[in-house]
Amino acid sequence: MNTIAESTYDELPYEDFAFFHTHPGNLAAVATLCGLRPPAVAACSVLELGCGAGFNLLAMSQSLPDARLVGVDLSRRQIEAGREMAARAGAANVELLVGDVAALDGALGQFDYIVAHGLLSWVPADVREAIFRTCRRLLRPDGIAYLSYNAYPGWHLRGVLLEALQFHAAAGGPPLERVRHARAALERMAGEIAEQDSDYARVLRREIDSLREDGDAYVFHEFLESDNHPLRFSEFAALAAASGLRYFGEARYGMSAAAQRGAMRRALDAVSPDPLRQEQYHDLLRNRYFRQSLLCQEDRQPATHPPTGALDSLAVASKVERLAASADAPPEYRLHDGSIMRTDNPLFAAILERLARRWPRAAGVPDLVGEVDADMAGVAMPPGAARSDVIREGILVGYIMGWWHLHAHLPAAQLQPGERPRASALARICAARGATPTNLLHLPVDLDPAQRALLARLDGTMTIGQVAQALNISPASAAEAVRQLAESYLLVA
Ligand SMILES: C[S@@+](CC[C@H](N)C(=O)[O-])C[C@H]1O[C@@H](n2cnc3c(N)ncnc32)[C@H](O)[C@@H]1O
């Protein structure tokens, strides 16, 4: 039993957060592109190992009300907090259990998807090995497991920060006090380094800059836990193989070696034809420090390229917004992550324009291909290439680049508000607490206080006019705000 994890996570629990890439709708999309036949998502079963207070599963239950969602964690305090939240949110399909992931027997049954986010690197070696065995035993034949972990070589550089933080935090005291003391000491230390223009000073300053964005709980568990074991990808793949599992890709599909194009593709091909060696080399070329790796049972046969038809079973559901542009400049688009994109490439321009016109409606890939095909009727294609194949490759490349998401499952969202709009109970609870709600696409939605106050009231019993009256705002501005919440996938059908 890992008692260290039990005590520190009881004392300083993680903040509530949902992780987009762990959602079965994403895992199934990636597995499909990797040539596997993942379990159907809507009524699937999910086991989350080291689930903390279970917020990821609670957020999933909004989009997967017919799934079986089970979470296990050592920390009693976190599980109890999660159960209380599940009861308040009416998430009857979420089951949270206090337990050691290394000691799970078959009593829970088998699962279509197993998720362990932020667990593997934070446990001792024997628990790490047991996690692979648990995945092997509890994963259905076509199931998919997601394991994230800190990786080398990126962690060699982050280790500089870890060493300095641990030095200052060694003063003792409760976790929060240690973090605050270490943060302050580190800021001072940056100015005291002997050679201010050395590589060491530059690395440390950059790491300290990024640390300012991180919450105290994250900093404590990321840097000050006694267990933080980054892995080389090759070690990860060997542990998986030794347990009867097979690595097949990254949950961020665009981060897999197999998805690389252009100069990176050529570099990877030149070093080795072996996909696992390519993955390891890819980490060296990117100085990767974190991985979200996917496993299947060893007898499944993944493919390095998406098989014919794989893309057509998926849908794009990503916000693209066309921004006003001057007549002589190419249009600009704001993407789902807030980044701005401008392109002269007619293919990407046509895809972006179609997605912008469709939003918030999702686009099945065959429909999107058809629409873009019509828009590009006069555009010359490379000799011998079918236009529809060029468009499919464009959709895949945009997905690899992170410009839009592909989903294997679309949630039952209410995209145009009805008479009495309703948000999920979880979203309402988050909004009432001033926290960031997670939408039905499993993404956080940043709202201002006025939007949160409105969202917290949308329980399906009041008309928009009644909500406006309760909040003392004009019916027109309430209607506009509710429309925006609906477009953000925050209302349930
Ligand atoms: C780094 S936190 C990650 C929590 C959550 N998955 C997240 O990413 O926000 C690691 C979690 O694993 C739990 N944990 C550590 N060892 C465990 C074990 N042997 N069995 C079950 N849970 C464990 C801890 O209690 C903690 O909640």
**Q.** Where only alpha carbons of the chain are counted, the Rg and the Dmax (Å)
**A.** 23.6, 70
Q.
As a test of reading the structure, rank Ser210, Ser424 by solvent-accessible area (1.4 Å probe, protein chains only), most first.
A. Ser210, Ser424
**Q.** Cubic angstrom per residue, convex hull over Cα atoms of the range 154-221
**A.** 81 Å³
Q: Write down the percent of antiparallel bridges among all DSSP beta bridges whose residues are both part of the chain, to the nearest 5.
A: 55 percent
Q.
Using a 1.4 Å probe on the protein heavy atoms only, what accessible surface does Glu177 show? Give it in Å² to the nearest 10.
A. 110 Å²
Q: Report in % the part of the accessible area of the range 451-493 that belongs to carbon and sulfur, leaving out ligands and nucleic acids; probe 1.4 Å.
A: 51 percent
Q. Taking the convex hull of the alpha carbon atoms in the range 265-334, what volume per residue do you get, in Å³?
A. 225 Å³
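Just the number, please: carbon plus sulfur as a percent of the accessible area of the range 315-407, 1.4 Å probe, no ligands or DNA/RNA counted.
Details: 2250 of 4360 Å².
That share works out to 52 percent.
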Q: Enter the accessible area per residue of the range 425-487 (Å², integer; probe 1.4 Å; all protein chains in place).
A: 45 Å²
Q) For His409, which sequence-distant residues (separation of 5 or more, or a different chain) have an amide H within less than 5 Å of its own amide H, given hydrogens modelled in the peptide plane? A) none
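Whole number in Å², please: accessible area per residue of the range 154-221, 1.4 Å probe, ligands, DNA and RNA not counted. Intermediate values should be presented prior to the final figure.
Details: 3710 Å² over 68 residues.
The answer is 55 Å² per residue.
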Q. How much area per residue is accessible in the range 236-372 when the probe is 1.4 Å and only protein heavy atoms are counted (Å²)?
A. 47 Å²
Q) Over what distance in Å are the Cα centres of the range 245-318 and the range 88-128 separated? A) 26 Å
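For the range 154-221, what % of the accessible area comes from carbon and sulfur atoms, probe 1.4 Å? Walk me through the intermediate numbers first.
Working: 1960 of 3710 Å².
Solvent-exposed carbon and sulfur of the range 154-221 make up 53 percent of the total.
The values are calculated or read from the model by the stated rules, or taken from the named source; none is laboratory data. Remember, predicted model here, so these are calculated numbers, not experimental data. Protein only, heavy atoms only, side chains kept; ligands, DNA and RNA dropped before computing areas. Shrake-Rupley method; radii C 1.70, N 1.55, O 1.52, S 1.80 Å.
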